[in-house]
Ligand code: S3P
């Protein structure tokens, strides 16, 4: 059976060559949102081409900002300053949790009511984690009984709060810092463990002062932002698919150009090293606190790996692909990853189901997996569950399976990486 939205992945003999990946999704969202509340013209090169960031741009436009691509393909946003315009229709966040949660922090500080809507998957994802603190800051927020979208946010003159975020979530932290920027007084956000720090770096890039003491961040409200011109580094969570593919081919040699090496995002490199690979980095540069460089991976003797606690939080988006290749490694145990159940799909179950379809032995726990190494998988029909990271993770698992694999609903890769299959094809030796 074949439909146009399915892709067949054939086994490969090796991964070889160099590739650049699209601009980082997390940084693109944050720069676009802050550009809206900065007065003047911002310009971003290598802005993420994915549908999620297009949702953010659509929302920024609906809030009154001119958004366009210039002749070099850069995204240009004419920001209005702290006060945006009331949109005439609900803001469509599509599949993007980042758009809904982080933009909520900005619209909570506006003197009008905004409705935020999402697709079926986003409408199932937990929003109380932002509703509760933003309500404490003075916004009025209406959601479904289960605390999900659609969200109707009546903004207000917010006041700063001190808040301990109960779950490790960069989206929640960033949402509250954005709200804090528009609030009176100071806002203090403490995270239970370190998460990606693009929110605080982006605020500083636009000229705001944000202080950090260990896991506590403080922002003073009422700071004016200036516009920003920046180049967005390649997304290491997209590069992760190619790096994991290379990790399981003993003769591979892979170079990734211009990729983000932000230390709160690059834990995958530590895991691949712990598995036995050798990684070298060259041409590391810094822009507005964000690091980028070129990395080379050469695989080595396989060693088993356990990922838990703080490392789980830092690797949250890379866990599906690490699990998908785990049968070909010396084995993997993942703990403390209950958050995977509330991503674009229930990624714990999606990975387990698909690994089993390929003949793998895998034990699923409440908050992770135990996956023995040294297994040979066979091709199968894989369900993406409309989740971009599941589709891409199993395209990688398929490369070392016996026989072909069909990835159903593979078009969802466009959420973060529209040219994924084409870029992968160029790295394969068959
Ligand atoms: C993101 C944070 C993570 C991650 C998501 C992007 C961000 O989500 O899974 O893909 O840009 O802040 P949580 O903050 O919900 O953990």
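Since every read-out is calculated from the coordinates, none of them should be taken as a lab result. On a predicted model such as this, the values are computed, not experimentally measured, just so you know. Cβ: placed from backbone, ideal geometry, glycine included. Neighbour counts: every protein chain shown.
Computed extension gain for residue 204 through residue 159, at 0.36 nm per residue and net of the alpha carbon distance, reaches 14.1 nm. Label-to-label distance for residue 213 and residue 376 is 6.0 nm, based on points extended 7 Å past Cα in the beta-carbon direction. Rounding to the nearest 10 and keeping the result within 0 to 90°, find how far the Cα-based axis of helix 388-398 lies from the longest principal axis of the chain. Here the helix axis deviates by roughly 10 degrees. Calculated FRET efficiency, residue 136 to residue 361, Cβ-Cβ distance, R0 = 51 Å: about 0.65 to the nearest 0.05. Taking 0.36 nm per residue of separation and subtracting the Cα-Cα distance, full extension of the segment from residue 430 to residue 112 would add 108.8 nm.
Straightening the chain between residue 301 and residue 10 buys 102.2 nm, computed as 0.36 nm per residue apart minus the Cα-Cα spacing. In terms of its Cα atoms, the chain spans 60, 46, 44 Å along the principal axes, sorted from long to short. Taking only Cα atoms, what is the 0 to 90° angle, nearest 10, from helix 170-182's long axis to the longest principal axis of the chain? Helix 170-182 sits roughly 20 degrees off the main axis of the chain.
State the Kirkwood hydrodynamic radius of segment 252-294 in Å, one decimal place, computed from all pairs of distinct Cα atoms. Taking the inverse mean of 1/r over all distinct Cα pairs, segment 252-294 comes out at 11.1 Å. Spatially, segment 302-335 and segment 354-402 are offset by 13 Å when compared through their Cα centroids. Once the Cα atoms are used to define both axes, helix 25-36 deviates from the longest principal axis of the chain by about 10 degrees. Neighbour counts of C-beta atoms inside 10 Å place 119, 366 in the sequence 366, 119, starting with the fewest.
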